[in-house]
Amino acid sequence: MRSSNPVFSRRGFSRDNGYAGFNAQPQAGGPAVATQGNAYAPGNPYAGQQAPTNPYAANPYGQQDLQGAPPQAPAAAGRMTMDDVVMRTATTLGVLVVTAALAWALLPVDDANISKSYGIAIGAGLVAMVLGFVQAFKRKASPPLILAYAALEGVFLGVVSSVVDNRIASGAAMQAVLGTMAVFLAVLVAYKAGWIRVNRRFYGFVMAAALGFVLLMAVNLLFSVFGGGDGLGFRSGGLGIMFGIIGVLLGACFLALDFKQVEDGIAYGAPREEAWLAAFGLTMTLVWIYLEFLRLIAILQGND
């Protein structure tokens, strides 16, 4: 199970070019299954690590719909559970929230200090990105690395949120938090109810849309750096609102892929340390959604 956030990628938008791409492992009594690079490749990558044989291990998607979880593996010591994912995700998000609150309180954004505070935030954000890349390219989860990423990302979010809330749109940070929570709950309910069908077509559509979105934002950033202003205007006015909504919708799609990844990992009997990777991916997706909401609210209120 690998990171689900498109920021951290080797090919396309993830290390293995897929949201739920597990490392290839030998099947019990058979050759290795080449799942790397294909988010929904057949075969249980952990079959060689668990004693019971999964009756659908050869082709889980040939006998049931992709939306449903693969057959649940019997509980075994050292296997990832939903409680593990919830606890690791809560810990990661807790670290992020605490450091964000500290950054908000200790790094003022008044006229005399905004340059210094913003410089610290940008530095923390860049280091967090580097740590994220390092974790995304590691074969195993590193809890200290993931928590360090969350702490530094929290510093970045705290200062950026303070700037927007105090200087551009009052109350924007709380509105963005509520919006992020609403999207998370809505996608979770829709996923569990079967309204969102996570299959190869869904995966391909989301990845293509995300690639186009990120490329457009990168071009806009280059134009803004070298040409001044807002570049091509993708982050202000009507276009900014449209792209903000698209960003939130993409984040919601990433959440659905994250939920599928977690569900499959539990069903296939993934090792317990994989829960940290699930927490890592969910945290990055929620940060994506929060930033898009924050930017969207700033544009809407700034136009008032």
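The values are calculated or read from the model by the stated rules, or taken from the named source; none is laboratory data. Because the structure is predicted, anything quoted here is derived from the model rather than measured. Using ideal geometry, Cβ is built from the backbone for each residue, glycine included, and neighbour counts are taken over all protein chains shown. Only protein heavy atoms, including side chains, enter the accessible area calculation; ligands, DNA and RNA are left aside. Shrake-Rupley method; radii C 1.70, N 1.55, O 1.52, S 1.80 Å.
Here is how the numbers come out for the structure above:
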| item | result |
| --- | --- |
| Matching residues, the range 157-168, being buried (at least 24 other Cβ atoms within 10 Å of the Cβ) and of a type in the set (S, T, N, Q) | Ser161 |
| Spans of helices (runs of 4 or more DSSP H) in the range 189-304 with at least 3 residues of a type in the set (Phe, Trp, Tyr), open to solvent by 60 Å² or more (accessible area, probe 1.4 Å) and at pLDDT 90 or above | none |
| Any pair with Cβ under 7 angstrom, 6 or more apart, that starts in the range 271-292 at a residue that is polar (S, T, N, Q) and ends at one that is at pLDDT below 95 and not in a helix (DSSP H, G or I) | Thr285/Ser4; Thr285/Asn5 |
| Conditions (1) over 17 Å from the mean Cα position of the chain (by Cα); (2) open to solvent by less than 70 Å² (accessible area, probe 1.4 Å); (3) at pLDDT 85 or above; (4) closer than 22 Å to Leu257 by Cα: number failed by Pro71 | (3) |
| Residue check, Leu107 more than 19 Å from Phe293 (Cα to Cα), more than 19 Å from the chain's Cα centre (by Cα) and either buried (at least 17 other Cβ atoms within 10 Å of the Cβ) or not acidic (Asp, Glu) (or both) | yes |
| Residues satisfying the stated conditions in the range 247-276, i.e. aliphatic (A, V, I, L, M) and either farther than 11 Å from Met82 by Cα or touching a Lys or Arg at 6+ places or on another chain (Cβ under 9 Å) (or both) | Val248, Leu249, Leu250, Ala252, Leu255, Ala256, Leu257, Ile266, Ala270, Ala275 |
| Arg88, sole failed condition from (1) of a type in the set (Lys, Arg); (2) outside any helix (DSSP H, G or I); (3) at pLDDT 95 or above | (2) |
| Residue that is exposed (fewer than 14 other Cβ atoms within 10 Å of the Cβ) and closer than 30 Å to Asp111 by Cα, where the choices are Gly171, Gly154 | Gly171 |
| Top-ranked residue of the range 174-188 - restricted to ones that are touching a residue at least 40 places away in the same chain (Cβ under 8 Å) and surrounded by fewer than 17 Cβ atoms within 10 Å (Cβ to Cβ), ranked as nearest to Leu107 (Cα to Cα) | Val177 |
